[in-house]
1. Using 1/(1 + (r/R0)^6) with R0 = 60 angstrom and r between the beta carbons of D309 and D341, what's the FRET efficiency to the nearest 0.05?
2. Only counting other Cβ atoms within 10 Å, I'd like R62, R247 sorted with the fewest neighbours first.
3. Could you give the dipole magnitude of region 231-290 about its Cα centre, charging the beta-carbon of Lys and Arg +1 and that of Asp and Glu -1, in debye to the nearest 20?
4. Q354 to T95: extension gain in nm, 0.36 nm per residue of separation minus the Cα-Cα distance?
5. Hey, fewest Cβ within 10 Å first, where do K287, K235 land in order?
6. Mind sorting M420, M215, M205 by how few other Cβ atoms lie within 10 Å of their own Cβ, fewest first?
7. Calculate the spin-label point distance for D409 paired with E571, positioning each point 7 Å from the Cα along the beta-carbon direction, and give it in nanometres.
8. Using a cut-off of 13 Å between beta-carbons, work out the net charge of the residues near A482 (Lys and Arg +1, Asp and Glu -1, A482 not included).
Amino acid sequence: MRRWLALALSALLLFTSGCQAVQGIDLNGMIKQSHQVISAEGSVTYEVELDLSKEAFDGLSRFFGEDVAPLLTHIKLELDHVKVQDPWHVRARGTLYLGDVGIGFAMQRDDSLLVLEPDGASAPIVLDAGGEEFPFGTYHPYGLYDQIIESYDPVGLYSYGPAGLYDPFDLYNPFRLLNPLGLDGTHIPEEYQRSLLELTGQAKMMADDYWIRNMPNMPRLSVSPDTPATVGGEKLALDRISVRVDRLELFDWTKRYIEALIADESGVRAVYRKIDPLEIELFRLLKEAGLLSGFEEESFEYGEAELADAVKELMEELRMKAEELSEPETPDPETVRLARDSLLVSADLYVDDQLRIRKQEIEIRFRPPEALHSLVWINPFSGLNGMRLAYSAEWWNINGDVGLEPPDDAIEAGVTLEEMAEWSMADGIRFIGRDSGLFELIFRRGKAGVQELQLYLDDDRTAPIPTPNGSTLVPLRRTADAFDVTVQYDPQTRRLLLHDDITGTDIALTVGSRLAAVNGETVEWSYPVITGADGAAYVPGRDLMKAIGGTIAWSSQSDRKVLILKRDAAELVSM
């Protein structure tokens with residue numbers, strides 16, 4: 001499925017390419033214009049809907065919980081206002097919807113820092129990507145060959161293709177959502193940013209000579225001039241370029257495209273020759289910026305032998321693709337119909353008179369065709385009945401002055417992932433806040449605050465102890481650990497001192513006594529604190545759980561008697 005969805009994502013964003021203009025629109029010029037975008041403002045929306053079989057949905061429910069599973073079948077990310085000063089400085093405000101739960105946030109990328117501000121949180125979260133390791137991936141300073149030849153790949157040879165032509169800030173691709181706003185994890189000195197950006201743009205323009213020139217136009221391609229459209233609240237008349245394509249049309253287009261690429265071996269050879277000096281310049285700049293070591297210019301120059309090997313490798317890859325797409329056995333009409341309906345792609349681009357893409361509306365509908373093994377592939381997702389992917393965007397102030405204030409105040413007030421790793425559950429709940437969408441998702445729907453301890457009566461080490469008066473004693477240390485309660489022993493007073501961070505409760509106990517001090521008030525518990533043969537302290541479980549806001553009850557599991565202690569920390573935490 002990855003290969004075909006990758007192909008669809010690439011093709012639907014490059015469908016306008018080809019040697020010929022369509023109804024007077026210079027489609028290749030539009031692509032080249034997209035290469036030149038440095039700054040812009042806009043809004044972006046992604047949406048994913050999954051139609052799962054009952055068996056697959058039940059499995060999802062068992063893994064994530066019955067209240068969370070329905071939320072994962074409809075995910076939508078709305079970025080209401082994206083401001084891009086350049087690829088290193090971006091700010092966005094939006095909402096992530098999981099089903100009916102909305103999580104609002106703002107995020108700002110400032111060079112190698114990402115500042116995330118979830119709605120309701122008590123402080124921003126600051127992610128510093130200046131080092132080698134970064135939670136969303138590690139940056140590697142690839143050369144232009146890797147960036148342009150291998151990643152510029154609309155037929156799925158290496159990647160998801162050059163959809164970035166129409167969204168140069170990498171906001172287009174739902175597969176990159178784990179890397180917010182394209183943060184690459186490396187601090188690039190400001191004095192080198194513009195030069196590196198210009199080099200990449202030049203290389204993409206050169207790569208067009210091979211990739212774009214050989215690409216056939218998509219079937220069912222049409223242009224509607226002067227179509228009314230609203231962009232950023234402004235009413236405009238734009239040229240709408242539309243395409244509709246099904247799986248078999250995409251299959252046929254891919255074959256024709258690969259055949260054209262194979263036939264143009266001289267074209268790819270020319271691209272390599274043009275990009276080689278740019279790649280050397282890129283490495284020189286990276287070394288000068290302190291991002292690359294061990295670079296010797298002559299070692300990166302393409303000789304005739306290296307050039308021949310590179311061209312041969314790409315041609316072999318293309319021929320392998322061509323073999324994969326060789327003619328299948330002639331299917332029956334019903335199989336053909338199923339094949340066409342199993343993947344439907346629709347896309348509309350709205351272009352102004354300067355060939356700038358101002359609006360995009362893209363949708364992919366996919367249904368695994370179980371009966372189409374001979375035409376496509378064996379469906380590995382038997383629980384997936386279908387899926388819908390949608391992407392839309394509006395862009396304005398293109399290459400205008402988009403100024404962003406540095407997030408200095410947010411950084412000063414923020415917390416890091418390293419600091420958050422040291423937090424208790426109570427710290428995390430207080431940070432999120434009860435009125436936020438994150439709290440609703442994590443604690444109300446996801447039940448992440450539920451703490452539970454099961455003590456089996458036949459356990460040799462931590463079995464609960466029934467008493468003659470009907471009380472049940474529980475091991476103090478084991479119980480306290482399960483509910484994040486700290487226990488200390490004061491040798492001077494010979495008292496056990498408990499502190500529960502969730503409820504803010506302090507408890508003082510004395511071995512051999514039924515008297516307990518709960519938040520300074522002396523109460524009588526149902527049984528004295530005792531010590532077992534191993535020296536471990538045991539306390540009356542019902543009294544302890546009442547003091548920290550929990551419940552206690554006997555149950556049975558597979559003919560074993562078990563005492564269940566439980567509470568929901570998220571509903572009890574003192575804010």
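1. That pair, D309 with D341, gives E of 0.85.
2. R62, R247
3. The calculated dipole for region 231-290 is roughly 80 debye.
4. Full extension of this stretch gives 90.0 nm more.
5. Ascending Cβ contact count within 10 Å gives the list K235, K287.
6. With the fewest neighbours first, M420, M215, M205 line up as M420, M205, M215.
7. Output for this residue pair reads 3.8 nm.
8. Combined, the nearby Lys, Arg, Asp and Glu give 0.
Every number in this text was worked out from the coordinates using simple rules, so none of it is lab data. If you're wondering where the values come from, they're calculated on a predicted model, not measured in any experiment. Counting neighbours? That spans all protein chains shown, and the Cβs are built from the backbone with ideal geometry, glycine included.
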